[in-house]
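The values are calculated or read from the model by the stated rules, or taken from the named source; none is laboratory data. Keep in mind that this is a model prediction, so the values were computed, not measured. Ideal geometry is used to build each Cβ from the backbone, glycine not excepted, and the neighbour counts take in all protein chains shown.
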Amino acid sequence: MPRHRMERTGECTQIARRIQNFLFCRGIDAFEDQFNVDGTLPDIILPAGGYPKLRHSFGFVATSAATSIMGTQTISWKFMAI
C-alpha cells in the first residue's frame, strides 16, 4: 500500500476512534444528534423535516455506523450490537 494511503488510513482511524469515544461517553442508548462545537448540547434544538425535537439524523447515524465498521476498539462492537 502506498505510504500516503497508509497515513490517511491511520488518520481516519484516529478520527473514527474520537467520534466513537465521544458518542460512547454521551451514552450509547441516548442518541443525541445536535451538539455545539465544544461537544455540549445546544440551548435550542433546530427543527428539521417537521421534527422539532431530537431525531436520528441520517448523516449522524451513517457516521456512527461507519466508525463502528472501521473501529478496532472494544466499544465499536457495542455500537453494532444495538
Can you find, within the range 28-80, the residue that is modelled with the highest pLDDT among those that are charged (D, E, K, R) and closer than 30 Å to T9 by Cβ? D38
From the list F60, F79, exactly one residue is surrounded by 13 or more Cβ atoms within 10 Å (Cβ to Cβ) and touching an Asp or Glu at 6+ places or on another chain (Cβ under 9 Å). Which is it? F60
Scan the range 18-27 and tell me whether some residue there is at pLDDT 85 or above, surrounded by 11 or more Cβ atoms within 10 Å (Cβ to Cβ), closer than 13 Å to T63 by Cβ and of a type in the set (D, E, K, R). yes
Of all residues in the range 16-59, which are in a helix (DSSP H, G or I), hydrophobic (A, V, I, L, M, F, W, C) and within 17 Å of K78 (Cβ to Cβ)? A16, I19, F22, L23, F24, C25
Within the range 32-42, how many residues are out of contact with any Lys or Arg (no Cβ under 9 Å at 6 or more places or on another chain) and within 21 Å of A81 (Cα to Cα)? 0
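Residues checked against (1) touching a residue at least 40 places away in the same chain (Cβ under 8 Å); (2) out of contact with any Phe, Trp or Tyr (no Cβ under 8 Å at 6 or more places or on another chain):
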residue: A16; (1), (2): yes, yes
residue: F22; (1), (2): no, yes
residue: R26; (1), (2): no, yes
residue: G39; (1), (2): no, no
residue: D43; (1), (2): no, yes
residue: L46; (1), (2): no, yes
residue: T63; (1), (2): yes, yes
residue: S68; (1), (2): yes, no
residue: T72; (1), (2): yes, yes
